[in-house]
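Read-outs: derived from the displayed coordinates by stated rules, not from any lab. Just so it is clear, the model here is predicted, and its values are computed rather than measured. Virtual Cβ from ideal backbone geometry, glycine too; neighbours counted across all protein chains shown.
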Ligand SMILES: [Zn+2]
């Protein structure tokens, strides 16, 4: 769990100061399993539920965020990884840690906008990572797409 204090860059979640933990290793592996085990065309429409406490997954590849949300005991304990912009999974363990840290922070701060609405067909809103972190993820996705 990241410290509630700000880092030397005065950020709560920082791409420069992030420390990789076992949770990130589990999350990274849980996502990679599907990269190797599922066709690209199916994968890019799919989601993985990652438990924030330890980065573990139930091993299920969900065909929608809503399906993943409905399946977990409490969505506030999870982050939902989409392959849409990241067909090759997390670019690095650091990326996985940032993903987990960001969701932990957002939920700890009571980010209600992060919660899906299971009554809505599209699952309602989803948490949008702030631009600097999002760009890390997107640029990684674009780079890998370019290599394929
Ligand atoms: Zn920092």
| note | Between residue 9 and residue 85, Cβ-based FRET efficiency (R0 30 Å, step 0.05) works out to 0.75
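May I ask you to derive the FRET efficiency for residue 93 and residue 63 from their Cβ-Cβ distance with R0 = 30 Å, giving the value to the nearest 0.05?
0.65
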| What shape does region 1-117 have by the C-alpha gyration tensor, where a ≥ b ≥ c are the square roots of the eigenvalues, rounded means a/c under 1.5, and otherwise prolate means a/b greater than b/c and oblate the rest? | oblate
